[in-house]
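Enquirer: First the structure, which I've put down as structure tokens, then a few questions once you've had a look.
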Amino acid sequence: MNTVKTPSFLLSTANSTRRYYKSMNNLYVRLFGKHLMLHYPYYKSDFESLEKRQVNLTDYCLSHVESLLNKQVLEVGCGNGIQALYIADALSPLKILGIDLNPDNISIALQDRNGRLNIDFYVDDAQKLDTISDNSIDVLLCIESAFHYPQKELFLDQIKRVLKPSGEFVITDIINKSPKRKYITQRWKNKMAFHHWTEVTYLQSFTEAGLDIRYKENITSQVLKGYQGSNKWIRRENCGSFLSFLLFKVFAVIQLGINTHLLKKKEDYILFVGSPVKL
């Protein structure tokens, strides 16, 4: 297990989206010895690790679509690729493609692929999907990424374009409870690429894009509950010096405090499942 002398990279988490994810990737490697998924945890039972609760979220989302066996799967906003690698190993798709706008994440994903032949990763924009052919995807997955897209209506148009007529999509997104949501500063919002929609805007935009929502669920409570026991996720022996251990603990308290406060007061975590409108 790697140890940490000075977790100075934590200071850059609020500087930009790219630096945030770079810091989180570093954090997980240094605390757990490997990359973890980059999305929120989902509670199923007590005493679960962060890694298990992240897998829970993936499993729950994909439980709402048909089997991925021998399917062409696209993960949009794949981050460091760990979720796509899990899907490739656990659910046996014919092929899974992962795209992300952040080249740092794609570099990690390609390194961790370890010769798997049924998975590829590309740097691509969710609002363009230049690397994906028309009518080529059976299942499209986008977990906790779309709130970074400034023109989500273009992303929804791309979903309609790349899915087969029989295809399905799963989106989870962090949405604003109110259209009047305010941020500390507009400059910070722009740096972090926050472009949250409301549920009403999503539903209207799905219809305009020719996409039919057959299932919708607010899973905020299970995501919030996913943080239960998080005080035990950071272990003293993995942190190097005692000062580093304290700094990681303080960072975790602040980060989790922000996430849980927003999900309680200003945001919801929504699951959408649908398909192209049948002509």
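Just so you know, all these numbers are worked out from the coordinates, no wet-lab data involved. What you see is a predicted model; the values in this text were computed from it and never measured. Because the Cβ atoms are built from the backbone with ideal geometry, glycine has one as well, and the counts that use them run over all protein chains shown.
Enquirer: Quick one: net charge around Gly229, please, counting Lys, Arg +1 and Asp, Glu -1 for every other residue with C-beta under 15 Å from its C-beta.
Expert: On the way: positive: Lys44, Lys52, Arg53, Lys225, Lys232, Arg235, Lys249; negative: Asp46, Glu48, Glu51.
Here the count lands on +4.
Enquirer: Using the crude model of +1 on Lys and Arg Cβ and -1 on Asp and Glu Cβ, and no other charge, please compute the dipole size for the range 1-273 relative to its Cα centre, in debye to 20.
Expert: 1320
Enquirer: Another question about this same structure. Going by average Cβ neighbours within 10 Å, how do the peptides 84-93, 166-175 rank, with the highest at the top? Display every interim value, and only then the final one.
Expert: Values: 84-93: 19.1, 166-175: 22.3.
Order by mean packing, descending: 166-175, 84-93.
Enquirer: What is the fewest-to-most order of Val162, Val253, Val273 by other Cβ atoms lying within 10 Å of their Cβ?
Expert: Values: Val162 22, Val253 12, Val273 19.
Arranged by neighbour count, lowest to highest, Val162, Val253, Val273 become Val253, Val273, Val162.
Enquirer: Within a Cβ distance under 11 Å of Asp157, other residues only, what is the Lys/Arg minus Asp/Glu net charge? Let's see the in-between values first.
Expert: Values: positive: Lys128, Lys152, Lys160, Arg161; negative: Glu153, Glu208.
Neighbour charge sum, excluding Asp157 itself: +2.
Enquirer: Apply the Debye scattering formula to the chain, with a single equal point scatterer on each alpha-carbon and no solvent, then give log10 I(q)/I(0) at q = 0.10, 0.12 Å⁻¹.
Expert: Log10 I(q)/I(0), no solvent term: -0.51, -0.75.
Enquirer: Here's something else I'd like to know. Quick one: compute the contact order of the chain, relative version, from alpha carbon pairs under 8 angstrom and 6+ residues apart, as a percent.
Expert: Working: 510 pairs, mean separation 60.7, N = 279.
Reported relative contact order: 22 percent.
Enquirer: Enumerate the amide H contacts of Leu141 below 5 Å, restricted to partners 5 or more residues apart or on another chain; note that Pro and chain-start residues carry no placed amide H.
Expert: Leu74, Glu75, Val76, Val170
Enquirer: In addition: Can you sort Tyr40, Tyr215, Tyr28 by how many other beta carbons sit within 10 Å, fewest first? All intermediate terms of the calculation are to be shown ahead of the outcome.
Expert: Numbers: Tyr40 23, Tyr215 11, Tyr28 19.
So the residues, fewest neighbours to most, are Tyr215, Tyr28, Tyr40.
Enquirer: Over the range 42-150, calculate the relative contact order: mean separation of alpha carbon pairs under 8 Å at least 6 apart, over the residue count, as a percent. List each step's numbers first, then the result.
Expert: Working: 164 pairs, mean separation 29.9, N = 109.
It rounds to 27 percent for the range 42-150.
Enquirer: Just the number, please: percent antiparallel of the DSSP beta bridges in the range 1-273, rounded to the nearest 5.
Expert: On the way: 11 of 31 bridges.
Rounded to the nearest five, the antiparallel share is 35 percent.
Enquirer: Per DSSP helix of 4 or more residues, -39500 (n - 2.57); summed, then divided by the residues of the chain. What does that give at 222 nm, rounded to the nearest 500?
Expert: Details: 9 runs with 106 residues, N = 279.
When only DSSP H runs of four or more count, the value is -11500 deg cm²/dmol.
Enquirer: Also: To the nearest Å, what is the center-to-center distance of the range 203-244 and the range 45-116, using C-alpha atoms only?
Expert: Cα centroid of the range 203-244 versus Cα centroid of the range 45-116: 15 Å apart.
Enquirer: Sticking with this one: Each residue of the range 101-115 in turn: what ³J(HN,Hα) in whole Hz from Karplus with 6.51, -1.76, 1.60 and θ = phi - 60°, glycine and Pro shown as x?
Expert: Running phi through 6.51 cos²θ - 1.76 cosθ + 1.60 with θ = phi - 60° gives 6, 8, x, 4, 5, 5, 4, 5, 4, 5, 5, 7, 5, 6, x Hz.
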